[in-house]
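Inspection log for the structure reproduced underneath, given as structure tokens.
The values are calculated or read from the model by the stated rules, or taken from the named source; none is laboratory data. Being a predicted model, the structure only gives us computed values, none of them experimental. A quick note on method: Cβ atoms are made from the backbone with ideal geometry, for glycine too, and the neighbour counts reach across all protein chains shown. Ligands, DNA and RNA are stripped out before the accessible areas are found, and what is left, the full protein with its side chains, is counted by its heavy atoms. Shrake-Rupley method; radii C 1.70, N 1.55, O 1.52, S 1.80 Å.
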Amino acid sequence: MRRYALTLAGAAAGFLLLFGSFTFLVDPYDVTGWVTIDGVNERKTRAHEDGYRVRVGHRLLDTEAGTIVLGSSRVADGFPREMPDWPGGYENLGMAGTSAFELARASVIGSRNENLRCVIIGMDLREFGTYPRAHATYWITPLTGMPPLFSHVQTSLSPNAFARAAQTVIDNATGGSDEKWENAYAPELLPGRFEEEIEKRYRGYSDYVYDPARVRFLFRGIDALLAQGVQVTVFVHPVHAWQEEAARRVGMEPYEDALRRDITAEIAARVPSEAREPCFDGPALQAWDFGGYQDVSLSAPPDPSGDPENPYYYVPAHYRPVLGEAILTRMRGQEQEPPFDTASFGRHLTADAVDTLMAEAEERRQAWLVDDEWAHYVTDRFDALDADPPAPEREARHYLNRDDFRQLERDVARAERQAGP
């Protein structure tokens with residue numbers, strides 16, 4: 001019996017070793033890069049399926065770039081992947097569907113990387129709603145605070161990671177890919193997606209609940225970066241006017257105002273030391289606002305034929321890298337060509353400026369509603385939705401708990417102690 005048990009245990013251990021080794025060597029999330037074989041795993045066709053969390057968790061610790069950009073898919077898709085001329089190096093570490101919880105944890109983990117000098121964090125109401133605090137894959141990444149080796153072990157033994165590794169091999173062998181993902185922004189599909197977003201955003205916002213505790217949580221995570229002399233710049237994303245109008249029509253304006261006031265209150269409560277090697281003029285912690293019916297956001301939707309495209313947005317919620325790069329250029333104080341040269345494009349977000357910024361946004365909105373033919377079109381669509389409201393996208397409410405705050409406090413306090421006086 002003992003021999004049988006040992007044989008069974010050995011077989012199980014051997015299976016787990018082979019199972020884990022396959023996933024680790026294929027490296028579906030593009031983390032290690034140890035083995036790259038043409039026709040086997042050279043193309044990481046499934047690296048996106050966890051929203052890039054596994055990769056980001058490791059890159060926060062080992063990137064040599066001095067500047068990183070964090071945020072949701074708006075960052076992942078809307079900022080350049082590479083900027084070779086950026087002083088000190090640049091890396092896009094956006095994570096699809098991220099939350100204030102994950103961004104706070106990413107800030108803490110990033111504070112352990114001595115190469116970082118500047119961290120840029122994009123945000124909007126999505127990060128601060130009562131949605132689940134983290135994506136399922138988050139729990140096997142270094143974002144939790146676990147050592148990278150443990151993350152490699154857990155990832156290698158994950159059935160989902162194994163499935164993605166297997167699909168990666170199949171895709172490389174057959175020339176296949178995740179067509180849905182790769183064709184998400186195909187020009188011929190974008191006119192239809194613009195149309196779909198009208199009702200989708202209306203329904204999504206109808207059940208939204210803002211959670212100010214998530215703002216406090218994120219900025220406490222940012223404290224870990226500030227303690228290491230890293231300059232942190234947060235900004236409110238631009239979104240297309242169709243999405244902004246959907247939010248207004250279901251009563252989201254008070255939340256937009258509250259988010260900006262809460263951001264400025266958190267910044268005002270901090271007096272960080274000077275950044276070691278700042279990327280932008282100004283303090284070590286600063287905020288920008290790129291929302292509010294900007295000229296680029298009032299641009300026409302793509303033609304039904306797909307040509308011409310909207311030059312700044314894929315869909316109302318997601319902008320193109322040309323706009324992400326313009327945001328970076330504005331933060332650096334460099335001159336730009338129209339339409340990025342307007343005085344309203346990118347304003348410093350401070351407690352004293354909130355009322356002015358909100359009023360100016362409303363002025364731009366009213367002018368757009370009166371003068372723009374597409375504003376008339378989308379207004380008619382929203383009128384129809386108001387008359388016969390679709391069912392809201394109801395989801396369970398999720399709130400941060402005491403343990404979340406306790407762990408964050410321990411980790412940030414440790415970073416502050418290590419930084420010294």
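The set of residues in segment 182-211 being charged (D, E, K, R) and in contact with a Phe, Trp or Tyr (Cβ under 7 Å, 6 or more places away or on another chain) consists of E197, D211.
Per this entry, V412 is not counted among residues that are over 23 Å from the mean Cα position of the chain (by Cα) and on the phi < 0 side of the Ramachandran plot.
For segment 121-154, a tally of residues being of a type in the set (K, R) and open to solvent by less than 10 Å² (accessible area, probe 1.4 Å) returns 0. Selection within segment 251-266: residues that are of a type in the set (A, V, I, L, M, F, W, C) and over 12 Å from R216 (Cβ atoms). The member of this set that is surrounded by the fewest Cβ atoms within 10 Å (Cβ to Cβ) is A258. Listed here are the helices (runs of 4 or more DSSP H) enclosed by segment 46-150 that have at least 2 residues being basic (K, R): 53-62. The number of residues in segment 339-357 that are in contact with an Asp or Glu (Cβ under 6 Å, 6 or more places away or on another chain) and part of a helix (DSSP H, G or I) comes to 1. In the condition set (1) in contact with a Lys or Arg (Cβ under 6 Å, 6 or more places away or on another chain); (2) open to solvent by less than 10 Å² (accessible area, probe 1.4 Å), S72 is compliant with all but (1). Taking the criterion of being exposed (fewer than 14 other Cβ atoms within 10 Å of the Cβ) and either of a type outside the set (A, V, I, L, M, F, W, C) or in contact with a Lys or Arg (Cβ under 8 Å, 6 or more places away or on another chain) (or both), the residues of segment 363-376 that qualify are E363, Q366, D371, E373, H376. Would you check if there is a residue in segment 312-329 being in a loop (DSSP other than H, G, I, E, B) and open to solvent by 40 Å² or more (accessible area, probe 1.4 Å)? The answer is yes; a qualifying residue exists. Within the option set A396, A384, A375, being of a type outside the set (S, T, Y), free of Cβ contacts under 8 Å to residues at least 24 places away in the same chain and not in a loop (DSSP other than H, G, I, E, B) holds for one residue only, A384. Taken over segment 100-120, the criterion of being touching a strand residue (DSSP E or B) at 6+ places or on another chain (Cβ under 8 Å) and open to solvent by less than 10 Å² (accessible area, probe 1.4 Å) is satisfied by A100, L103, A106, S107, G110, L116, C118, V119, I120.
Sub-7 Å Cβ pairs linking a first residue in segment 175-186 that is of a type outside the set (V, I, T) to a second residue that is part of a loop (DSSP other than H, G, I, E, B) and surrounded by 12 or more Cβ atoms within 10 Å (Cβ to Cβ), at least 6 apart or interchain, are S177/T45; D178/T45; D178/R46; W181/H48, ordered by first then second residue.
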